């Protein structure tokens, strides 16, 4: 039992407890004021009564270990912690606004579902880059800042891949919220970041249809159905759901983690570029799998010691790579060298997503009018050239996409594309030096200096006089 009990008006470690905001099954949240900064905070306190489940205490210890190691706009800012000798607590930033609670009252508009899904996936990529798997993603654990950024809360069931997993040491029973729990979590596995991808699939399904894809099972038997059962396809419940969105959701909900998107960044990319999604039979499904397929998965889950291949792919093994190629000179030697680099990346990183990008430079005045047929024709022609350049890589069509950027400033367009699409690495060519380039700065040097990721610049050993000009 703690030596101190929280109460309104109490001061502890420079925090004044003002009012209790919420009391749940595992603890309470208090509104407090930091006397040193006069900032309003949230203080989380666990239940520590006699007979309390040990996992409640261990989960709170896990959260105390993880929260100080997190940073960025997608988590509450950590302020301080209190020990178990007096009153255990976590003091953190107060996120103003309500959670994105589940939509019991009905489905979301498709555009809202996709737009919010993009923000959630982008936030999740940032969390995974900090070596944390949330493992309890659900609408009530998602909040939105005033600027629209998604914030994750409640890390009591999370796993930090560089810290001991105290929860796994305490118990091997499934941990998580039943409707959102991935199949591998049902088996007690807590090391795969793709478990969070599964949870996003459940959330998107729920927002889109107003229903939970697997219901809300309360026992082990119901949870284990996730190892062999498949949900009713979204389009059967929501006929206006576009095929590409069903493709994304059902891929997220794959029983085998290897069939899901390998990273949250790749899921985000798919939601941002629906026209680039390679549709499979998932997109056209209107009924659940045949009984024979479900029975086969059922018997596999009953007899196999390891029914799922569960691994933890580091974020950097499935990067988003942008290959920026200048086709103003046609498919010349530099463009061919960049294509060879793309082929090498596809061979060494089979889970990578490759975005082939070229810039169609526009005159300063013409960007104000997109209705000119000449501009549209130039865009289509450049897209055809880009696909023709990439034709030798046709065997990798499922992981590549093509993008023509129309811009006055090529470097700025490439940098913005990389930032908007969570690009991990840029590969682009440099055509040598000239008086103009030395004076204005080359595209490659500007990208190297300002890109939000690593950059590889490909140069040819010898450049002709015409190319250098």
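General remarks:
- Look at the range 143-172: where a residue is in the same structural domain as residue 71 (by TED's automatic domain parsing) and farther than 21 Å from residue 199 by Cβ, no partner that is modelled with pLDDT under 90 and in a loop (DSSP other than H, G, I, E, B) sits 6+ places away or on another chain with Cβ atoms under 7 Å.
- Residue in the range 23-34 that is in contact with a helix residue (DSSP H, G or I) (Cβ under 6 Å, 6 or more places away or on another chain) and either surrounded by 15 or more Cβ atoms within 10 Å (Cβ to Cβ) or closer than 29 Å to residue 205 by Cα (or both) present: yes
- Against the test of being in the same structural domain as residue 261 (by TED's automatic domain parsing) and modelled with pLDDT of 70 or more, the options 345, 291, 354 yield a single qualifying residue, 291.
- Filter result for residue 99 (touching a residue at least 24 places away in the same chain (Cβ under 8 Å), under 19 Å from residue 61 (Cα atoms) and either crowded, with 20+ Cβ neighbours inside 10 Å or not assigned by TED's automatic domain parsing to the domain that holds residue 182 (or both)): no
- Within the range 441-469, if we keep just the residues that are exposed (fewer than 15 other Cβ atoms within 10 Å of the Cβ) and in a loop (DSSP other than H, G, I, E, B), the residue that is modelled with the highest pLDDT turns out to be 452.
- Total residues in the range 417-440, condition crowded, with 16+ Cβ neighbours inside 10 Å and either farther than 19 Å from residue 319 by Cβ or modelled with pLDDT under 90 (or both): 5
- Any hit, the range 361-369, residues being under 30 Å from residue 416 (Cβ atoms), at pLDDT below 90 and part of a strand (DSSP E or B): yes
- For the range 215-233, the candidate set comprises residues that are out of contact with any helix residue (DSSP H, G or I) (no Cβ under 7 Å at 6 or more places or on another chain), in contact (Cβ under 8 Å) with a residue 24 or more places away in the chain and outside any loop (DSSP other than H, G, I, E, B); within that set, the residue that is farthest from residue 101 (Cα to Cα) is 220.
- Qualifying residue in the range 176-186 (condition: under 19 Å from residue 120 (Cα atoms), outside any loop (DSSP other than H, G, I, E, B) and in contact with a strand residue (DSSP E or B) (Cβ under 6 Å, 6 or more places away or on another chain)): no
- Test for residue 212: is it outside the structural domain of residue 419 (by TED's automatic domain parsing) and part of a helix (DSSP H, G or I): no
- Filter pass, residue 387 being modelled with pLDDT under 90, farther than 30 Å from residue 149 by Cβ, surrounded by fewer than 19 Cβ atoms within 10 Å (Cβ to Cβ) and in contact with a strand residue (DSSP E or B) (Cβ under 8 Å, 6 or more places away or on another chain): no
- Going through (1) surrounded by fewer than 20 Cβ atoms within 10 Å (Cβ to Cβ); (2) assigned to a loop (DSSP other than H, G, I, E, B) one by one, residue 156 falls short only on (1).
- Residue in the range 394-405 that is under 26 Å from residue 319 (Cα atoms), in a helix (DSSP H, G or I) and modelled with pLDDT of 90 or more present: no
- All positions within the range 15-26 that are touching a residue at least 40 places away in the same chain (Cβ under 8 Å) and assigned to a loop (DSSP other than H, G, I, E, B): 26
The values are calculated or read from the model by the stated rules, or taken from the named source; none is laboratory data. It should be emphasised that the depicted structure is a prediction, and the values quoted were computed from it without experimental measurement. Positions of Cβ are generated from backbone atoms using ideal geometry, with glycine treated the same way; all protein chains shown enter the neighbour counts.
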